[in-house]
Structures are given as structure tokens and as C-alpha cells.
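Following: one structure in C-alpha cells, then a few remarks.
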Amino acid sequence: MRRYFKGLLLLSLLVLLVLISSGCGFKDIDKRFFVVGIGIDSIKNEEEQYLVSLKLAIPASDLSTGKNEFIIVSEKAKTITEAVRIIKSKVDKELEFSHAKIIIYGEELIKNDMPGHLVYWFIRRRDIQQIAYMSIGKPTALDVLKVKPKSERLPSNAMFLAFGKTGTETPYTITAPLFEFQRRIIERGQDPYLPIIEADKDLLEINKLGIMDKRKLIHTLSPDETELFNLLTGNVPKFELKVSKDDLYFLIFGKKVNSKYIIHTPTGNKPYITVQIDINGTMEEALFNISMKDIPKYEKAAKEDLENRIKDFLVSLQKANLDPIGFGLRYRSRHFNNKTEWEMWQSIYPEIEFRVKANVKIEGVGIIE
């Protein structure tokens, strides 16, 4: 009998919990809009207002090339949260941010001091991936979101393939994940950077890099400089070396690429940084008749040209007082004095000397003699 009353009491408690508990809030997939891209632009003559644009994928049963469907909903507000709340009132489905893998800041927005909340909103939200790709949209983030490449099967998939390196592979494209971008903003000795996406009708051009000083865009790298940055940071397993020296003009396809640097601070002498670059590859194209016996001559020309280009590139970053490669972070990691190490590096970097040494090995001229 006692066991019967215990069971009845337990059953009553379960029924009561079911009656007073609220729903779990689950919504079916057909009642959700998947946000695949987020763009933030500044508004002219309105300093505290931003244009937040969400690219929403429209599900379709047919994923044929060029048939991707999406809508872009934009809203002006002082914060991203306010804009998103208003955008929700304009659509008939719940917004789902778990697929938002591309975040774009407008070029004009990034040129001025960018408020921290425009970065930390993405960090705070648990439904936005920390590996989302950060970038700069030119001329605006909205213009980039509107581009619909004819080869796309899914909305924004062209950018996912470019930054994820699962599609095209090129030394001109650099990835800046959300977690790394946020770390570089607060890390001393390593400045943040963002790839620049240019809208060109129905194509997206990604071959430049914007360097920031923690808060705003300071310097834009050309495609050639972006390629060198990729080489120095070890982001490319392959490299296209263009050589232009005297009457020689040729290109080397580097199959094996290696780069490293060491910071030297000798007592009583001027500090310097040695940069070592090793490239093994084949002659891919030349504007002259190639002779196998002149391979050492071509290697020497490539070595000297690459050394000069890298040194000029590093000096240009030094003059702009920018350090996206992370020399300062390397220095701090090897000088354990929390009181003075950062101040010492700030006094050293503007005057430090770069000594670049390249080793270029041409293994052949392709499949022809």
C-alpha cells in the first residue's frame, strides 16, 4: 500500500511539472531563415548610426548552379542588436545565425575608429561561429553581399570556398577568422588585418589586405604585397615568384616554400631581424628564350629581386608603425620582463634593421627543354 501511494505521488508531481513547464522553443527548419552573411556599414553624416544588413538564404529543393536564392534585409540603428530586432519584425521566420560564416565591415566604416561593440557583439553570441571569416567590403559591405556569382549553388558559397581554401587556391587570399581578429585587437605586438573583398558586377575580387592599428584601417597592401605577406607568415604552401631584374622577366612556380625569422638584440650593437626564405620550384614562363646553362644566372636574379622586394615591404610596414607579422609578439615571448619588455620593443622597432636572405632553387623548366 505504501509503495502504491509513493508511485501515485511521483506520478502527480510529474504531471504537475508538465503542466507548469513552458515549451522548449524549438522551431522546425521550414520556420527558420538561415543568415549566411552579415554586413555593417557606416552612414554618411550619422556618426552613431550603422546600416546592418543580413543575407538570408532561401531554401530550395533544386541546388543547380546559378539558381541560389536569397534576400538581403537592412536596418539602421545605433547597435547591431537593435537592428537585428527590427529586422526580425520584417520577416516571417526566425533568424538562425549558426551558418553566418562571413562578416563584412564597410570600407568607410573601417577607415575610422571602430567602436568595440561592433566586434564583441559577434564574440558574445553563442550562435555565431568563432571561425567566421572577417573581411572589408569595397565599396560597401552591402554591395558585396548583393553580388551573385553565376557559379554559386548556395548563397555566399563563393566566399566560403575562397576563404576556406576548399575551392580556389591562391597566394593573394588571406583568411582572418573572428577569434584571431579579436585576439589581435587586444594583443600587443601583433596588429590585426582583414582581407578586402571588392564587388565587381557578378564577381568577387579578393587579392588585397587591409592592415589596422587595433581600431581602424591604416594601410592597404597591393596584390603583390599581399602575396609577400602570405609568404612571410607561412600561409602559402606554394608561391608564384615574379622576377623583374635588368633585361630578365620570368616567373617561378615555387612548389616548396619555407620562411622564418629571428630577432637579434646583441648587447652594445644595433638590433636586427634576419629573414630566411627558401623556394624550390620550376620556371613557369619567361619573356625570353630559356637556356638550361643559364639556370644559375636566373637563380641569382630571382634571389636578389626577392630579397629587395621583401626588405622594401618590411620597411614600409615599419614606417607606418604597423606589425601584422608579429615581430613584437615574438620579442615579448623571448624577453620575460613584464614591466619593460613592451616599452623596449616600441623603442626598438622604428629603428630595427632587416636583413633578408633568400635561397631560390630552379629545379627545371617544366616538361619541355
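General remarks:
- Between the amide H of F70 and those of I58, distances stay under 5 Å, these residues lying 5 or more places away or on another chain, with hydrogens modeled in the peptide plane.
- Accessible area per residue for the range 200-325 is 51 Å², calculated with a 1.4 Å probe on protein heavy atoms, without ligands, DNA or RNA.
- Near the amide H of L209, within less than 5 Å, lie the amide hydrogens of I196, L221, all on another chain or at least 5 residues away, with H placed in the peptide plane.
- The string of couplings for the range 84-99 from the Karplus curve (6.51, -1.76, 1.60, θ = phi - 60°) is 5, 4, 6, 4, 4, 6, 9, 10, 9, 10, 6, 7, 10, 9, 5, 9 Hz, one whole number per residue in order, with x for Gly and Pro.
- Remark: relative contact order (the chain) = 12 percent; criterion is Cα-Cα distance under 8 angstrom and separation of 6 or more residues.
- The chain - mean residue ellipticity at 222 nm from DSSP helices (-39,500 (n - 2.57) per run, n ≥ 4, rounded to 500): -9000 deg cm²/dmol
- Here the Karplus curve 6.51 cos²θ - 1.76 cosθ + 1.60, taken at θ = phi - 60°, turns the phi angles of the range 219-230 into couplings of 9, 10, 8, 6, x, 5, 5, 4, 5, 5, 4, 4 Hz, with x standing for Gly and Pro.
- Computing Cα extents along the principal axes in Å directly from the structure and comparing it against (1) 65, 52, 39; (2) 72, 42, 34; (3) 99, 59, 57 singles out (3).
- Counting only alpha carbon atoms, the long axis of helix 2-20 and the longest principal axis of the chain meet at about 70°.
- Per the Debye calculation on the range 209-316 with a single equal scatterer at every Cα and no solvent contribution, log₁₀ I(q)/I(0) for q = 0.09, 0.10, 0.22 Å⁻¹ amounts to -0.30, -0.36, -1.26.
- Derived scalar couplings ³J(HN,Hα) [the range 250-266; Karplus, 6.51 cos²θ - 1.76 cosθ + 1.60; whole Hz; x for Gly, Pro]: 8, 10, 10, 8, x, 7, 10, 10, 9, 9, 7, 9, 9, 9, 10, 10, x
- Within the accessible area of the chain (1.4 Å probe), percent carbon and sulfur: 53 percent
- G106 long-range amide H proximity, modeled H, under 5 Å: I40, D41, S42, G137, A141
The values are calculated or read from the model by the stated rules, or taken from the named source; none is laboratory data. Computed from a prediction, not measured in an experiment: that's the story for all the values here. Surface accessibility is based on the protein's heavy atoms, side chains included, excluding ligands, DNA and RNA. Shrake-Rupley method; radii C 1.70, N 1.55, O 1.52, S 1.80 Å.
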